[in-house]
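See below for the structure under consideration.
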Amino acid sequence: MTLAIVLAAGGPAAALPDDAVPHLVAQWRAVGATEVRVAADLGELAALAEHATGPVLVSGADLVAHTTVLKHLATSPVPGTAALVLADPPADRHAVVREERGQVVSAGSTGTLPDATGSFGGALRVVPADLPALVAAARTAATTTVPAGTGGPPADPAGAPGTAVPAPVESDATAVGADLDRLFAAFTATGALTFAHRVRLLVAHRVVDPAGLAAARAELTGVDEDAAELRLSVKERDDFFTTYFVSTWSPYVTKLCARLGLTPTGVTMISVLFAVVAAVLFGVGGRPALVAGGVLLYLGFMLDCVDGQLARYTRNFSPWGGWLDTMADRAKEYVVYAGLGFGMTHAGLGDGWVLALAAMTLQTVRHHVDAWYGVLHDAAARRPKTASTGGGIGDKLNAASNRVQNDTGSLSYWLKRTVVFPIGERWALIALAAALFDTRVALVAVLAWGGLAFAYTGALRTLRARFLRVPALGTVDAGLHRDDGLLLRRFGGRIPAQLPLAVLAALAALGLLGAALTAGETARWAAPVALLVLLAAGLAARGRAEGPLDWLVPAALRAAEYVFAIAVGVAGDVPLPLVFGYVFVLTLLHYDLVARLEKRQPAPPLHDLTLGWEGRSILLVVALIAGFAWVGMATLGAYLFVVFVMSVVAAWVTVPARAASAPAR
């Protein structure tokens, strides 16, 4: 059940006409709130929120907005609380906010936040997990009174008895006067994760008098909500290829899909089908097949954009859809790599599986670096700013990056977005290279541009992280997302060095691969030595992670496991298509963990059955020494794939079904 609360008193809202509150109540009902209540003050709001069992929508009576704006806030797919943030200059008694990476990291008055990036829009959606913080903030804000017309300190700064809300630097709940704004500043000060919901193309204003109310309502009537909503389904900032070669016409496909009643998941599955057929055509070879494969790959990518646009246009979001979209993107790309590798080998252009394995490994490690850098950046953004942290190279790089990102449409902006080799550019490069040249050129181009992007982003992010000095691994379950098994969970943490040993493990795996390529099966006896280095790195990774670069450890271990598995396959004379299949299954397991890392979700239901990266590596070495490397790799790969499928069914079918039936019982 979703509860909407309209705070009808306090601040400028008191001067508005009598129809302001009923109109907002009707809007909240129109967007799907199952119950709408009007609170006379913050104390009543706290009492209502305290007994809520689902999400709570909170707004002030001074908000004038399109119903679509409220609908988008209420149905926002972000995993946490979301607050409406406006670009309008705030009134004297309204709060301003500072946001980074789409998160509100502090809120207060203009005087306490000189680096504010927007103003509080007078509405927020609070998820159930954050309701205790909302209740505490409301009771704290209710006891802080500000003289009318001022933004100065409260007459009574004492908090409510029994409520202690820690206030980080730059968050000042007592420096803003309007009731809802004091509530929001106090709520932000609790440290609750709050995402900023910006308004584009539609209208949302906070008004302070009847004249402002009339002007805002007149502005509402000049906008076609449905047309704006369709345009809003396209990401505000996307990559160059997507922006100019897909998003210029994909909204028409999005609206057609909506009229046909297709779901975002259905569109995702169609895009998967297009990619699989494109991979088959790349494998067949010949100019007509390569051209047709390139066209299908482009259309498949267009549909990959449409599924997200359709979800935003119809507000049809679900955790399952988000997870499936993440997994399908990577699975489609790697199936295409397999088709290119097979086609290159079939055409006599060399062993394409080598290049396909290299491309898949490179892209997966890159994505893991991106995911963990996001964790680091989020931790840094939420850390209070102090004088000792400003002015360093990290801050200068952040400032330069922000300047380029804000210069939308400039040459530097598009170069920055393109050089990192996003998925749109990858698919465009593959389609063009395969259609105009051949499969070998496509794979070499992916490896060359991907390697350049990895070097560029890795160097800059490492330099920035070196000066951020934020221990990111302590903010999440690092052992889960490293994919540690029972052995490391039991004996880990005995060796102090983390990153040096993780890098050494990756180098040891590369050394084993080099030995396998040069010495053949005789290199099997070097595998136990490389395995010992890997296990030492795993033991170290369980220790305290406080180094500024320890966020690179999980990606280094992923690289070590993938290269080690490839080396074992080469040393054991395992067919490379089988090696590719085994590593492909590993990437499915690890992308599942990445998706859960980004959403801060718990472990998959059958995670322990995947044996951990160290357990899998040990089994591969045992099979190699015993002379049954291909049997061991095939058996282990099939086992892991079955576990993955069972885990998906358990996570998205069995567990939700049991949870749904529990209340009935």
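Computed with a 1.4 Å probe over protein heavy atoms only, the accessible surface of the chain comes to 41 Å² per residue.
Tell me the net charge near Val446. Cut-off is 12 Å between Cβ atoms, Val446 excluded, with +1 for each Lys or Arg and -1 for each Asp or Glu. Don't skip to the answer; put the middle values down first.
On the way: positive: Arg366, Arg426, Arg440; negative: Glu333, Glu425.
Result for the local shell: +1.
The computed semi-axes √(5λ) of the Cα gyration tensor in Å for the structure shown corresponds, within (i) 48, 29, 23; (ii) 36, 32, 24; (iii) 53, 34, 22, to (i).
Return the calculated 222 nm mean residue ellipticity for the chain, to the nearest 500 deg cm²/dmol, obtained by summing -39500 (n - 2.57) across DSSP H runs with n ≥ 4 and dividing by the residue count. Walk me through the numbers on the way to the answer.
On the way: 26 runs with 397 residues, N = 665.
Rounded to the nearest 500, the figure is -19500 deg cm²/dmol.
Calculate what fraction, in whole %, of the accessible area of the chain sits on carbon and sulfur atoms when a 1.4 Å probe is rolled over the protein chains. For the chain, the apolar C and S fraction of the accessible surface comes to 66 percent. When the Cα positions of Gly283, Leu183, Gln309 are compared along the charge dipole of the chain, Gly283 comes out farthest toward the positive end, with charges on each C-beta of Lys, Arg, Asp and Glu.
Sorted by average packing, counted as other Cβ atoms within 10 angstrom per residue and highest first, what order do 70-76, 632-638, 334-340 take? Please report the intermediate quantities before stating the final value.
Values: 70-76: 20.3, 632-638: 18.6, 334-340: 25.3.
Order by mean packing, descending: 334-340, 70-76, 632-638.
The angle between the Cα long axis of helix 612-626 and the longest principal axis of the Cα atoms of the chain comes to about 0 degrees, rounded to the nearest 10.
Residues Leu624, Leu513, sorted by accessible area with the largest first, give Leu513, Leu624 [1.4 Å probe; ligands and nucleic acids excluded].
Identify, among Trp28, Ile423, Leu63, the residue whose Cα sits farthest towards the positive end of the charge dipole of the chain, taking +1 on the Cβ of Lys and Arg and -1 on the Cβ of Asp and Glu, with the dipole about the Cα centre. Sorting the options by dipole projection puts first Ile423.
Could you tell me which trypsin sites (Lys or Arg not before Pro) in segment 78-115 are loop residues by DSSP with no more than 14 other beta carbons within 10 angstrom of their beta carbon? Don't jump to the answer; show the numbers that get you there.
Working: sites: Arg93, Arg98, Arg101; in loops: Arg93, Arg101.
When the trypsin sites (Lys or Arg not before Pro) of segment 78-115 are filtered for loop state and at most 14 Cβ neighbours within 10 Å, Arg101 remain.
Principal-axis analysis of the Cα atoms of the chain puts helix 527-541 at an angle of about 10° to the longest axis. Once the Cα atoms are used to define both axes, helix 264-284 deviates from the longest principal axis of the chain by about 20 degrees.
Among the trypsin sites (Lys or Arg not before Pro) in segment 168-275, those located in a DSSP loop and surrounded by at most 16 other Cβ atoms within 10 Å of their own Cβ are Arg200, Lys235, Arg237.
All other residues with a Cβ under 13 Å from the Cβ of Pro17 taken together, and with Lys, Arg as +1 and Asp, Glu as -1, what is their net charge?
Numbers: positive: Arg217; negative: Asp18, Asp19, Asp62, Asp209.
Spelling it out: positives minus negatives among the neighbours equals -3.
Between Arg490 and Val642, the FRET efficiency estimated from the beta carbon spacing at R0 = 25 angstrom works out to 0.45. Only the Cβ atoms of Lys and Arg (+1) and of Asp and Glu (-1) were treated as charged; on that basis the dipole of segment 502-576 about its Cα centre amounts to roughly 120 debye.
Other residues whose C-beta falls under 12 angstrom from the C-beta of Ala33 contribute a net charge of +3, scoring Lys and Arg +1 and Asp and Glu -1.
The values are calculated or read from the model by the stated rules, or taken from the named source; none is laboratory data. Given the structure is predicted, the values throughout are model-derived calculations rather than measurements. Note that each Cβ is placed from the backbone with ideal geometry, even for glycine, and that neighbours are counted across all protein chains shown. Heads up: the accessible areas ignore ligands, DNA and RNA and are worked out on the full protein's heavy atoms, side chains in. Shrake-Rupley method; radii C 1.70, N 1.55, O 1.52, S 1.80 Å.
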